[in-house]
Amino acid sequence: MFFGDRTMDRFMALSASLATLLLLSYYQGSQARYSSEPSWRHWRHWNEAHATFYGGSDAAGTMDGACGYGNLYSQGYGKNTAALSTVLFKNGAACGGCYEIKCWNDTQWCNPGNPSVFITATNLCPPNDALPNDNGGWCNIPREHFDMSQPAFSQIAFWRAGIVPVLYRRVPCHKDGGMRFTINGNPWFNLVLISNVGGVGDISAVSVKGSETGWIPMKRNWGQNWECDTVLVGQSLSFHVTTADGKNITSYDVAPLDWQFGQTFSGKQFY
Ligand SMILES: *[C@@H]1O[C@H](CO)[C@@H](O)[C@H](O)[C@H]1NC(C)=O
Ligand SMILES: *[C@@H]1O[C@H](CO)[C@@H](O)[C@H](O)[C@H]1NC(C)=O
């Protein structure tokens, strides 16, 4: 090779930034490029909503939300989360979905350049019918509203704004490791929390199969907690999960014969 090490390094750095630029321009390119991914297409459009924040500057107050994820740090959701108004929350069906959100049309409060933040839906922002829709009742029906964690909100606007207009769209969720199945309840009532879901992130149906049973459809109990009342103790467990875009994954024998209530097991993952 006639390149010196330095030259080579520079060449590599240049190629890397070129690749990034190309990727960026591709990503910001026309909607039509996504036509090969029909299930995503309509989610690529920006929609209008508003955003506020809650839970403190360390996001501590965002834990234990209505999706049932409990501790968001240990469950892999971190600080970039939001509580969704009723019409967006859809009785918990929206739990685990990922969104790109940016502040817009507010030159006073939007951060310069209108940067995006990526959040996961982990909670419900309940309606407050005592307050009018345009003054405090931000999460009332039919408003589309994101009550974001303060660290997430701070990435798009100055906190002092209180409320800002935003644009949002659905984006794929990128998760490390497999889907997680946490088995709670008791022998006559299984309550399985499904977390760390990649792909579209929100689940529309779940079935469980014990090593001695057929497939048993589960019912959404609350948030991303799914129930069934078949006794499954002493059997290995497999799960069939359908996400909102109609994709399925079956994770066989996720839990071994001697699983215990309270334990968490890792399955396959959506991408
Ligand atoms: C932008 O904000 C102004 C002032 O609040 C409002 O009158 C206008 O309708 C907004 N523009 C759009 C496109 O929503
Ligand atoms: C996903 O699973 C459901 C339930 O088992 C089934 O009805 C559906 O056809 C499956 N979809 C695909 C794309 O395989």
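The values are calculated or read from the model by the stated rules, or taken from the named source; none is laboratory data. Keep in mind it's a predicted model, so treat the numbers as computed, not measured. So basically every Cβ, Gly included, is an ideal-geometry build from the backbone, and we count neighbours across all protein chains shown.
Observations
- Counted residues, the range 176-219 - those being farther than 13 Å from Thr242 by Cα and surrounded by fewer than 22 Cβ atoms within 10 Å (Cβ to Cβ): 22
- Residues in the range 224-239 that are of a type in the set (Ser, Thr, Tyr) and either more than 24 Å from Ala93 (Cα to Cα) or not in a strand (DSSP E or B) (or both): 2 in all.
- Scanning the range 162-182 for residues that are within 17 Å of Ile203 (Cβ to Cβ) and basic (Lys, Arg), we see that the one that is farthest from ligand 1 (Cβ to nearest atom) is Arg180.
- Just one of the numbered conditions (1) surrounded by 14 or more Cβ atoms within 10 Å (Cβ to Cβ); (2) out of contact with any Cys (no Cβ under 7 Å at 6 or more places or on another chain); (3) closer than 16 Å to Phe146 by Cβ is not true of Gln75: (3).
- Condition check for Val254: surrounded by fewer than 16 Cβ atoms within 10 Å (Cβ to Cβ), over 24 Å from Thr81 (Cα atoms) and among the aliphatic types (A, V, I, L, M): no
- Residue in the range 221-237 that is among the small types (Gly, Ala, Ser) and surrounded by 22 or more Cβ atoms within 10 Å (Cβ to Cβ) present: yes
- Whether a residue is within 13 Å of the chain's Cα centre (by Cα) and either at pLDDT below 95 or farther than 24 Å from Arg143 by Cα (or both) was assessed, and Tyr77 passes this test.
- Options Asp129, Asp134; residue that is within 16 Å of ligand 1 (Cβ to nearest atom), farther than 15 Å from Ala255 by Cβ and free of Cβ contacts under 8 Å to residues at least 40 places away in the same chain: Asp134
- Filtering Ser211, Ser236, Ser195 for residues that are within 19 Å of Ser266 (Cβ to Cβ), touching a Phe, Trp or Tyr at 6+ places or on another chain (Cβ under 6 Å) and not aliphatic (A, V, I, L, M) leaves a single hit, Ser195.
- Scan of the range 240-271 for residues that are outside any strand (DSSP E or B) and within 13 Å of ligand 2 (Cβ to nearest atom), ordered by number: Ala244, Asp245, Gly246, Lys247, Phe270
- Being within 14 Å of ligand 2 (Cβ to nearest atom) and among the polar types (S, T, N, Q) is a property that Ser195 lacks.
- Residue check for Tyr99: in a loop (DSSP other than H, G, I, E, B), under 12 Å from the mean Cα position of the chain (by Cα) and not polar (S, T, N, Q): no
- Cross-chain or 6+ apart pairs with Cβ under 8 Å, the range 227-255 first and more than 13 Å from Val206 (Cβ to Cβ) and among the hydrophobic types (A, V, I, L, M, F, W, C), then away from ligand 1 (no atom under 16 Å from the Cβ) and assigned to a strand (DSSP E or B): Leu232/Asn190; Leu232/Val208; Leu232/Gly210; Ala255/Phe181; Ala255/Ile183; Ala255/Leu237; Ala255/Phe265
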